[in-house]
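Working notes, structure below.
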Amino acid sequence: MKKNKNTRYVIRFILFIMAYAIIMVYIRLDNPQAVRRYFVQQWREAYLVRVPHQPESYVRMTSTLSPRHFETTSEATGYGMLLLVLAQKQHAPNVRRDFDRLYRYYLSNRIPGSTLMQWRQRDWHSQPADSRTSASDGDVLIAHALLLASQVWKQPHYRQASLKLQADILKYEVNPTTHLLTVGNWAKPKTRYYQLLRTSDVMPYAFAAFYQVSKRPIWRQIGRAMMARLATLSHQNHHGLIPDFAWATRKDTFPVIGKTVATRYDGAYYYNACRIPLNLAGYPSKAAFAINLKLLDFFKKTRYIGAGYYLSGQAIHHYQSASFDAPIFLAVSKLPAAAKSAHSILFTREQYVFAGNLPTQNYYDATLTVMALLFQVGEQNY
């Protein structure tokens, strides 16, 4: 039985490589932008949904298109806006139209009295959304997308909207003692959640861009402080695996236990932390390079990358997920030549995520796949 199972793995791997080789031949012989535009268009057709009777769109996160059964978040809105700005650089058609529809959706779903976005909008068995709760990752993505949009389309109103959102992030979503982003405006002072760190909130490209446009030193402090906490977590186990969430007090940083926030895997490398290689890929910092390199050293020793890992190195799920694989592929592709050569097995193995069509019923897999593909071109990710 074990021999047959190993044979199936080998056959599957060979088929992935063959399929990827075919699409890579097309990329080399034709216009590379055509393939990126194709993936972007697949994503737009599958996940951008018009709001009935409104000049707005949202990013679908559910497996149904029913207007009475949908869910989306500020994170999805931010990724959608960022993806479309990057797609403009690939000359995809009608990008600004779709960007503005998402932008108007953000404007319609801000928390009353601020520019922060409501973290979730849903009509799930008639359950209303909480209109006063934010998520920091979504707000940072939206603010960054708006800033890039102002540069791409030369429209100052995007820049002004970004600056206002940046100011509210600093006002409502930053712990001034630790200089760390909190997980949202609901993590109030004098509660334990004020010291909760979502590790995927470490987005150094965004923090650097915010400093460049605002000239506020606090963004540099936030960038350095959050990277330092990520480095501490990376050093705490042999594999460099970083948990989805950690406690970050004034003096200490350590993983949470399961079910602290969302799932029993809150203290594991799971569906938040899987974004870390994507967030850090190519960033010109010794700490970012070391964190990603340690992760890549671990993953290149595995037969394949499973969907989640305990910090001990044990796989949580043995199936593959593009949410984990696409960020790893990008991280390898952004390495210097010598380090890339040393991790060539990963570079080859993870290419399968680009070999077929995008999944149409998995927003997260599809979005991180397209983001990794778009980030691969250019001198930096964003």
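What follows draws every value from the coordinates through simple rules; no lab data is involved. In this text, all values refer to a predicted model and were calculated from it rather than measured experimentally. Note that each Cβ is placed from the backbone with ideal geometry, even for glycine, and that neighbours are counted across all protein chains shown.
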* Asked: So what's the convex hull volume per residue for the Cα atoms of segment 46-172, in Å³?
  -> 102
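Using a Förster distance of 30 Å, how high is the FRET efficiency between ARG303 and GLN361, based on the Cβ-Cβ distance and rounded to 0.05? Numbers along the way, then the final one.
On the way: r = 27 Å, r/R0 = 0.89.
Once rounded, the FRET efficiency stands at 0.65.
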* Asked: Ranked by Cβ crowding within 10 angstrom, fewest neighbours first, how are MET371, MET81 ordered?
  -> MET371, MET81
* Express in % the proportion of alpha carbon pairs of segment 216-264 at distances exceeding 15 Å. => 51
* To do: Could you size up the charge dipole of the chain around its Cα centre, putting +1 on the beta carbon of Lys and Arg and -1 on that of Asp and Glu, and report it in debye to the nearest 20?
  => 440
* Computed helical MRE - 222 nm, the chain, DSSP H runs ≥ 4 contributing -39500 (n - 2.57), nearest 500 -> -16000 deg cm²/dmol
* Asked: Where does each of ILE142, ILE305, ILE316 land when they are ranked from fewest to most other beta-carbon atoms within 10 angstrom?
  -> ILE316, ILE305, ILE142
* Go ahead and run the numbers for FRET between LEU107 and ILE316, Cβ-Cβ distance against an R0 of 41 Å, rounding to 0.05. => 0.60
* Provide PHE375, PHE245, PHE347 in ascending order of the number of other Cβ atoms located within 10 Å of each residue's Cβ, fewest first. => PHE347, PHE375, PHE245
* Asked: Which value in Å does the Kirkwood hydrodynamic radius of segment 122-251 take, with 1/r averaged over all unlike C-alpha pairs and then inverted?
  -> 15.7
* Asked: Roughly speaking, what % of Cα-Cα pairs in segment 175-382 are separated by over 26 Å, rounded to a whole number?
  -> 32
* Separation in nanometres of the label points that stand 7 Å from Cα toward Cβ, at HIS91 and ARG264 -> 5.2
* Descending principal axes extents, segment 297-382, alpha-carbon based, whole Å -> 34, 33, 21
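How much length would be gained if the chain were fully extended between ALA337 and GLN33, taking 0.36 nm per residue of separation minus their Cα-Cα distance, in nm to one decimal?
Between ALA337 and GLN33, full extension yields 107.1 nm more.
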* Asked: What percent of all Cα-Cα pairs in segment 168-232 falls in each 10 Å bin, counting up from 0?
  -> 23, 57, 20, 1
* **Karplus (6.51, -1.76, 1.60) ³J(HN,Hα), θ = phi - 60°, over segment 215-229, in Hz, Gly and Pro reported as x** => 6, 8, x, 4, 5, 5, 4, 4, x, 5, 5, 6, 5, 5, 5
* Structure-derived percent of Cα pairs over 41 Å apart: which label, when the choices are (1) 5; (2) 9; (3) 14 -> (2)
* With labels modelled as points extended 7 Å from the Cα through the Cβ direction, what inter-label distance (nm, one decimal) is found for GLN41 paired with GLN54? -> 2.9
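Once you have the Cα-Cα distance between PHE254 and LYS215, take 0.36 nm times their residue separation minus that, and quote the gain in nm to one decimal.
Value of the extension gain: 10.9 nm.
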